[in-house]
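Here's the structure, in structure tokens; my notes come after.
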Amino acid sequence: QHLADLEVLSLLFNQLTGTIPAELGALSSLEILFLSSNNLSGSMPSDVCNLRTTNGGVLRFLEADCISEVVCSCCTTCF
């Protein structure tokens, strides 16, 4: 709730590890999400992908390390 109006979230180069939290999908105003250049793994949560397709697709740019580390069918840019 406190981040309901957040439109841009950049987590580039933060040495993050583990999986991408599904809770990012609760950021209903998020338009741009940068997750690349970390050590994240697994699949992009469907809650995050739904931000690209639900309610007109408010999330217009989603970047992740999906060439080698993250499985992401909804990413707009993969590294």
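Give the Debye-formula value of log10 I(q)/I(0) at each listed q (0.16, 0.21 Å⁻¹), with one equal scatterer per alpha carbon of the chain, two decimals each.
-0.50, -0.88
Which whole-Hz couplings ³J(HN,Hα) result when phi for each residue of the range 61-74 is put into the Karplus expression 6.51 cos²θ - 1.76 cosθ + 1.60, θ = phi - 60°, listed in order with x for Gly and Pro?
Karplus values, whole Hz, x for Gly and Pro: 9, 9, 10, 8, 7, 8, 7, 10, 10, 10, 7, 8, 8, 10.
Sum -39500 (n - 2.57) across every DSSP H segment of at least 4 residues in the chain, then divide by the residue count to get the 222 nm mean residue ellipticity, nearest 500.
Computed ellipticity for the chain at 222 nm equals -2500 deg cm²/dmol.
Summing Lys, Arg as +1 and Asp, Glu as -1, what charge do residues with Cβ under 10 Å from the Cβ of Ile32 carry, Ile32 excluded?
-2
Charges only on Cβ, +1 for Lys and Arg, -1 for Asp and Glu: so what's the dipole of the chain about the Cα centre, in debye to the nearest 20?
Dipole about the Cα centre, nearest 20: 120 debye.
Per residue, how many Å² of accessible area does the chain show with a 1.4 Å probe?
Normalised by residue count, the accessible surface of the chain is 59 Å².
The values are calculated or read from the model by the stated rules, or taken from the named source; none is laboratory data. All of these numbers come straight from a predicted model, not from anything done at the bench. We place every Cβ from the backbone using ideal geometry, glycine too, and count neighbours over all the protein chains shown. What goes into the accessible areas is simple: the full protein's heavy atoms, side chains included, and nothing from ligands, DNA or RNA. Shrake-Rupley method; radii C 1.70, N 1.55, O 1.52, S 1.80 Å.
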